[in-house]
1. Rounded, prolate or oblate, given the Cα gyration tensor of the range 30-130, with a/c below 1.5 counting as rounded?
2. Let's test the formula: R0 of 22 Å, r as the Cβ-Cβ distance of Asn3 and Ala190. What FRET efficiency results, to the nearest 0.05?
3. Only helical DSSP H runs with n ≥ 4 go in: add -39500 (n - 2.57) per run for the chain, normalise by residue count and round the 222 nm mean residue ellipticity to 500 deg cm²/dmol.
4. Grab the beta carbon distance between Asp45 and Lys107, set R0 = 25 Å, and tell me the FRET efficiency rounded to 0.05.
5. Under a crude label model (7 Å from the Cα following the beta-carbon direction), how far is Lys57 from Glu71 in nanometres?
6. Between their Cα atoms, which of Lys95/Lys121; Lys15/Lys107; Lys46/Lys208; Lys107/Lys153; Lys46/Lys170 are more than 32 Å away from each other?
7. Which value in Å is the Kirkwood Rh of the chain over different Cα pairs?
8. Order of 82-90, 191-199, 66-74 by packing, highest average Cβ count within 10 Å first?
Amino acid sequence: MNNKAVAKKILDILKEEFPNPSGGLVFTNPLELLIATILSAQATDKLVNTVTPGLFKRYKTASSYADAPIEEIEAAISRVNFFHNKARSIRNCCKMLADEFGGKVPKTLDELVRLPGVGRKTANIVLGNAFGIAALAVDTHVRRVANRLGLSKASDPDKIEADLCAIIDKGRWTETTHLFILHGRTICKARGPLCERCRINMYCEYYKAGLKETKG
Ligand code: SF4
């Protein structure tokens, strides 16, 4: 079976495991998702979701963040780690949105990654989930799962994204991010992956290499 066929099988099985895959961040518009995603760097979605309701009630537009005193934004997100840096990123990002994009979140990768604090991963999350534009975001779970399965041998997230996009139908890019994250959180854990319980172990290079070692 070639890599495209393997990737399809893997995604079909994961889709049976997680029939309605979606991101864990709560939002009602692209700006809210952008802010929530900036906050979620090295923080759990659960924690971010406890902070954003108050934040989104207070600041409803890019200008309202841009014009707010930095201390005020910091206080509103102080339960999230790295809140000093994140407050700065949010304000700078919103300033550029207000100054250069009419206060609207842009719909292209090239424009999104120009925003302060927004990397390719964040941009792809926003494209895929707020705008329904096919986009594959590579976070730590996607990277680990793709590497272990052998779908990408790269360590650089941009290269992993390119490797996966080359073998996965465009219509499944956004779904792939969710499925790999859910699989990585529940089964293919960073420490102690639950390989015997894993329904895609027959396609996994990491698992097959382990079996070979055991058999000597
Ligand atoms: S077999 Fe193990 S390493 Fe491979 S995808 Fe499943 S849990 Fe991850």
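A short reminder: the numbers here are calculations on the coordinates, not readings from a lab. This is a predicted model, so every value here is computed, not measured. All Cβ positions, glycine included, derive from the backbone under ideal geometry; neighbour counts span all protein chains shown.
1. Here the range 30-130 falls in the oblate category.
2. 0.35
3. -18000 deg cm²/dmol
4. After rounding, the FRET efficiency stands at 0.60.
5. 2.3 nm
6. Over 32 Å apart, Cα to Cα: Lys46/Lys208.
7. 18.3 Å
8. Most protected by this proxy first, the peptides run 82-90, 66-74, 191-199.
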